[in-house]
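These notes concern the structure reproduced below.
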Amino acid sequence: MNGYDDMYIDYKQILQKLKNGGFLKWAAVIIAAIFVVVAVFSSIYTVEAEGNAVVKRFGEVIKTTEPGLHFKLPFGIDKAYFVPTKRVLKEEFGFRTVESGQRTQYSRSDRDQQEALMLTGDLNVINVEWVVQYKIVEPNKYLHQVRNPTETLRDISEAVMRRIVGNNLGREVLTVGRGNVSDETREEMQKILDSYDIGISLQAVRLQDVTPPETVKPAFNDVNEARQEKERLINEAEKYRNQVIPKAKGEAEQTIAEAEAYRAERVNKARGGASRFTAVRKEYEKAKDVTRRRLYLEAVEEVLPKLGNVFVIGGEGTQPLPLFNLDNVKKYMKNKN
């Protein structure tokens, strides 16, 4: 019983001390410590390396801080809002990336399909999937110029893309015109964003995939195959033309050159013959008998080697007699030459 009495007495003493003000002192100390801890932790904030922080005091922007450790007024008087200004952000249209990596996985919901479905200038329906890459260059304007900058960017991108696709032919958007569509979309989007003064700079607009709808894809494939076959035949014809025309031009130039050479040869030969005849005529005028005999002998000397054996046969059927042994004459003429 004595032990229980002692405990009872201690309990009474504790109650008495608390009544005398000890409890209030301890409570005040604990509250002050909590106050200090909360004040310290709520006045320190860290800005990541990929952006800046916009500090607002009672809703009014007072400064923009760089990456690192910073201080502000505690207890929610100052609030810091992080904005990833050094990161390239992107918005996807017509699809969503589920998991990125070596084999990136995508998903296409009904909303995405409706977003990608567009009408071209030649009244064809195609699916256009694209990506908008952008950076936040002015965090203050990004946070306060419009209520929802991301949705505003998406609405602008979709409206501009639909207008530009609607101004182009379907085959151009599907093939060679994709780059022009991307460039025009980026330029027009940037003009609209600048007019809104939203603090966003576009980095790129890329068409991810442009395909016809599933219901008409076989017809589109047939048309594309026919166009490819047409291009192949045109290329083969151009190749054949490039081979044949230079060859024909070369043969024509060769024929012309041969004709020119033949003409020059004939003209020169004719002129030489005329000159020779004129020279012979002059000599003939000087000594007619000598010149006539010399011409006769030259003609005989030129003709006789071309003849065969010559035989003279009598009228009564006698044995043929050789008139000239022209073989010996031929040998003689060859040896002479």
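Every number here is computed from the coordinates shown, using simple stated rules; none is lab data. On a predicted model such as this, the values are computed, not experimentally measured, just so you know. Glycine also receives a Cβ, built like all others from the backbone with ideal geometry; neighbour counts cover every protein chain displayed.
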For labels at ASP194 and ALA27 in the simple 7 Å Cα→Cβ model, what's the distance in nm? 6.5 nm
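With a sphere of radius 12 Å drawn around the Cβ of ARG178, what net charge do the other residues whose Cβ falls strictly inside it have (Lys, Arg +1; Asp, Glu -1)? Could the numbers behind the result be given before it?
Details: positive: ARG171, ARG206; negative: GLU129, GLU172, ASP183, GLU184, ASP209.
Spelling it out: positives minus negatives among the neighbours equals -3.
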What FRET efficiency comes out for the pair LEU117/LYS79, r = Cβ-Cβ distance, R0 = 45 Å, nearest 0.05? 0.60
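Length gain on complete extension for the stretch VAL223 to GLU253, per 0.36 nm per residue less the alpha carbon to alpha carbon distance?
6.4 nm
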Which chymotrypsin sites (Phe, Trp or Tyr not before Pro) from segment 199-273 combine a DSSP loop assignment with at most 13 other Cβ atoms within 10 Å? none
Rg over Rh, two decimals, segment 27-165 (C-alpha only, Kirkwood Rh): 1.18
Would you please give the residues with an amide H less than 5 Å from that of PHE95, counting only those at least 5 places away or on a separate chain, with H modeled from the backbone geometry? none
Output wanted: per-residue J couplings in Hz (rounded whole) for segment 150-167, from phi through Karplus 6.51 cos²θ - 1.76 cosθ + 1.60, θ = phi - 60°, x for Gly and Pro. 5, 5, 4, 4, 5, 5, 5, 4, 5, 5, 5, 4, 5, 5, 5, 4, x, 8
Under 5 Å, built H, 5+ apart or other chain: amide partners of GLN203: GLN133, TYR134, LYS135
Dividing the mean separation of Cα pairs under 8 Å (6+ apart) by the residue count of segment 89-211 yields a relative contact order in percent of 32 percent
Given the peptides 152-165, 75-88, arrange them by the average over their residues of other C-beta atoms within 10 Å, most packed first. 152-165, 75-88
Measuring from centroid to centroid over Cα atoms, what is the spacing of segment 79-93 and segment 154-180 in Å? 26 Å
Given backbone amide H placed at 1.01 Å from N, residues whose amide H is under 5 Å from that of ARG87, ignoring those fewer than 5 places away on the same chain, are ILE136
Once phi is turned into ³J(HN,Hα) by the Karplus curve 6.51 cos²θ - 1.76 cosθ + 1.60 with θ = phi - 60°, what whole-Hz value does each residue of segment 238-245 show in order, with x for glycine and proline? 5, 4, 5, 5, 5, 7, 6, 4
